[in-house]
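Every number in this text was worked out from the coordinates using simple rules, so none of it is lab data. Everything numeric here is computed off the predicted structure, so don't read it as measured data. A quick note on method: Cβ atoms are made from the backbone with ideal geometry, for glycine too, and the neighbour counts reach across all protein chains shown.
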Amino acid sequence: MTSAKLIDRAVVEVVGGNIRKIFQTSDPNFKSFGEAYISEIEPSFIKGWKMHSKMTCSLYVPLGHVKFVVCTSKDDCKTFELSANKNQILQIFPNSWFAFQGLGERNSMVLNIADIEHEPEESKNLPLDTIQYNWEIK
């Protein structure tokens, strides 16, 4: 089962400051719109583990640098890094556990463009030590 995929996004070069496209309704990776929110994360702090049973998360880092770990089981985990310097979206599909860590020296921001509105009963949380992963920053 696919737990997540990384999607490169277009940068429109404009005098005075570029435009970074995230989603448009004609995009084949766009499912639907439920809500959008920004999570802030402090350097070295780790948020997770979380799993949604219905929601697809489309994550974008407009500020800072963040490491994401996405797992379909406790033994099958993939690591992704997003930053303000990379114009990429990480899509995390339902029934995948994920956690993320702030990298660098300043707070980072993670934008989630979710395909459904948050429903507390469709998500689960686990303590960080439940899934063994080496979070040491290199």
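Listed values, structure above:
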{"read-out": "Rounded Å value of the spacing that divides the Cα centres of the range 1-51 and the range 76-138", "value": "11"}
{"read-out": "Difference of contour (0.36 nm per residue) and Cα-Cα distance, D27 to I7", "value": "6.1 nm"}
{"read-out": "With eigenvalues of the C-alpha gyration tensor scaled by 5 and rooted, the chain, Å", "value": "24, 19, 13"}
{"read-out": "Under-5 Å amide H pairs with W49, H placed in peptide plane, nonlocal only", "value": "L126, L128"}
{"read-out": "For the range 28-36, 3J(HN,Hα) per residue [Karplus equation, 6.51 cos²θ - 1.76 cosθ + 1.60, θ = phi - 60°, Hz, x = Gly/Pro]", "value": "x, 8, 7, 8, 6, 10, x, 6, 10"}
{"read-out": "Sorted by Cβ neighbour density within 10 Å, fewest at the top, the residues I137, I7", "value": "I137, I7"}
{"read-out": "Using θ = phi - 60° and Karplus 6.51 cos²θ - 1.76 cosθ + 1.60, couplings along the range 98-106 (whole Hz; Gly, Pro as x)", "value": "8, 9, 8, 10, x, 10, x, 10, 10"}
